[in-house]
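The values are calculated or read from the model by the stated rules, or taken from the named source; none is laboratory data. From a predicted model like this one, the values you see are computed outputs, not experimental measurements. Here the Cβ is made from the backbone with ideal geometry for all residues, glycine too, and neighbour counts use every protein chain on show. Heads up: the accessible areas ignore ligands, DNA and RNA and are worked out on the full protein's heavy atoms, side chains in. Shrake-Rupley method; radii C 1.70, N 1.55, O 1.52, S 1.80 Å.
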Amino acid sequence: MALSDVEPKKPGGADPRARMIARAAREIAPGMVVNLGIGLPTRVVDYLPADMPACLHTENGMTGIGPTRPYETADRNLIDAGGAYISTVPGSAYFDSVVSFALVRSGRLDLTMLGAFEVARNGDLANWKIPGRFSPGAGGAIELAQKARRVVVMTTHTDRKGNPKLLERCTLPLTARGHVARIFTDLAVVDVTPQGFVLRELAQGISAAQVAGATGAPLHIPDTDIPIF
Amino acid sequence: MKLPDKSTALEEAVARIPDGATVMVGGFGVPGTPFALLHELRRQGRKDLTLIKNDANEAGMGIDHLLTGGQVRRLISTHIGLNPNAVALMNAGTLEVEFCAQGILAERIRAGGAGLRAIVTDIGADTDLAEGKARLEMEGQRLLVETALRADVALIHAAAADSFGNLAYLATARNFNVAMAMAADTVIAEAETLGPPGCLAPDAVHTPGVFVDHVVELSELSREYGVVRR
């Protein structure tokens, strides 16, 4: 299937969410095999340069994901794990769920990017269960978080009520313990280190103090210039 | 030698599912979901079912008809977040939901289909999903014993089939169909096209016909099979 009719989106723009997704897309390096989790992460595919030599995996059974397709040209049998209509690239492959997770658990993923309800400063991730309210289930997230070589999270910095999602300790049932290495938010890029959260980059127009104020655990702010995205 | 003909009418195939049956249902979202078989199961009103399916489809689609029709007692699944009805039924306590890590669900079904009793894994061993499961220690690591899954019936959707039950899937519609087609006592496949033996090249067969008991030809595809505009 030719992709000439689907152009990647340009990074930037005023929308903080779009800037976050565009920044997270730059985490994908040439040669990587990458899984993008349901929700915001799957949208990263539309921000990758068309000539990026990387392989995207979706756990419902495909490697070599191309850009998402509009409804008019969608293939009813070709979706990602979140139900979005996607496309192939030259070299795409289809397989069943057993093969798909053999790939995940045997360590073939260089990177996974997941959504989160909560992330703790020790790298714990909670993203599948809010007891009594909304328990969607973990889907493939447990295996992705436990077995990908690098686990990053993309999430809004706070929830809809403004409560921090980056915490001292997760309060919700965990998806995986201690595997998150980096968090992309609408405010900042934050690394999870043995010393806790470390501020690495700031969103345009956001101050380090604002990020610290929106974070539910100590945020280390390096004494150097903080890059802006 | 001529291979047996397993083509069956829709009503007759689904009539073989008894009340209280454990039923595996293929599909991940729309692709690979056997909507016609599920619709017929709704129409025949079978009760007290245990369903095993990756997801709960979406409101008004697929297994949602069985869930909201009160036909399902228990659901073993990995993710039901796209169907608010399923979440509401679970929260209300009228639907029992067992969550399983997605690849572990696939592997439990594969094990059931491969004549194995269980698998051993480190997935989820240090989370709440480990509760109530047998544990094992190997080389100093705490592991879980995940029991194999088999079902009374598996409902499968294929793009193409021959009358012996050889099946071929399209694109991301393989998903759980491949493993489930090996893991049930009675396997019912619906197919968008059904031809005589030989219509599928041996190399094109994803599920060998020996695993399939009944194959149902779909005369038309309902709205549910189409592109969903959300």
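So for the pair A:Thr171, B:Asp48, with labels modelled 7 Å out along Cα→Cβ, what separation do we get in nm?
My value for the distance between the label points is 4.2 nm.
Please go through the stretch B:1-107 and write out the chymotrypsin sites (Phe, Trp or Tyr not before Pro) that DSSP classes as loop and that have at most 13 other C-beta atoms within 10 Å.
Sites meeting the loop and neighbour criteria: none at all.
Given a 1.4 Å probe and no ligands, DNA or RNA in the count, how much accessible surface is buried by A and B, both sides, to the nearest 100 Å²?
When A and B are taken together, about 3600 Å² of accessible area is lost.
Between A:Asn163 and A:Asp223, what is the label-point separation in nm under the 7 Å Cα-to-beta-carbon projection?
In this crude spin-label approximation the distance works out to 3.7 nm.
Where does the protein assembly as shown land at 222 nm, in deg cm²/dmol rounded to the nearest 500, when only DSSP H runs of n ≥ 4 count, each adding -39500 (n - 2.57), divided by all residues?
-4500 deg cm²/dmol
Place a +1 charge on the Cβ of each Lys and Arg in chain A and a -1 charge on the Cβ of each Asp and Glu, then give the dipole magnitude about the Cα centre in debye, rounded to the nearest 20.
With Lys and Arg at +1 and Asp and Glu at -1, about 520 debye.
Can you tell me, using C-alpha contacts under 8 Å and at least 6 residues apart, the relative contact order of chain A as a whole percent?
Across chain A, relative contact order equals 17 percent.
For the protein assembly as shown, what % of the accessible area comes from carbon and sulfur atoms, probe 1.4 Å?
52 percent
Let's see if you can work this out: charge +1 on each Lys and Arg Cβ, -1 on each Asp and Glu Cβ, no other charges. What is the dipole magnitude of chain B about its Cα centre, in debye to the nearest 20?
Taking the Cα centre of chain B as origin, the dipole is about 160 debye.
What is the sum of charges around B:Thr22, taking Lys and Arg as +1, Asp and Glu as -1, for the other residues whose C-beta is under 14 Å from the C-beta of B:Thr22?
+2
Report ³J(HN,Hα) in whole Hz for each residue of the stretch A:134-140, in order, from the Karplus equation J = 6.51 cos²θ - 1.76 cosθ + 1.60 where θ = phi - 60°; Gly and Pro get x.
Residue by residue, the stretch A:134-140 yields 9, 10, x, x, 8, x, x Hz.
Can you list the residues in the stretch A:82-121 whose accessible area drops by at least 40 Å² when all protein chains are present, compared with the chain alone? Use a 1.4 Å probe, heavy atoms only.
A:Tyr85, A:Tyr94, A:Asp96, A:Ser97, A:Val98, A:Arg105
Separation of the stretch B:177-229 and the stretch B:69-85 by C-alpha centroid, Å?
Between the Cα centres of the stretch B:177-229 and the stretch B:69-85 lies a distance of 24 Å.
Given Cα pairs under 8 Å that are at least 6 residues apart, what percent is the relative contact order of the stretch A:15-95?
Relative contact order here is 26 percent.
Using a 7 Å offset from the Cα along the Cα-to-Cβ direction at both A:Ser207 and B:Ala9, what is the distance between the two label points in nm, to one decimal?
It is 7.7 nm.
Which one of A:Ala148, A:Gly132, A:His57 is farthest out on the positive end of the charge dipole of the protein assembly as shown, using unit charges on Cβ (Lys, Arg +1; Asp, Glu -1) and the Cα centre as origin?
A:Gly132
Classify the protein assembly as shown as rounded, prolate or oblate, taking a ≥ b ≥ c as the square roots of the eigenvalues of its Cα gyration tensor: rounded when a/c is under 1.5, otherwise prolate if a/b is larger than b/c and oblate if not.
prolate
Which longest run of chain B has no exposed loop site in it, a site being GluC sites (Glu not before Pro) in a DSSP loop with at most 13 other beta carbons within 10 Å, and the site itself not part of the run?
Answer from the scan: B:1-130.
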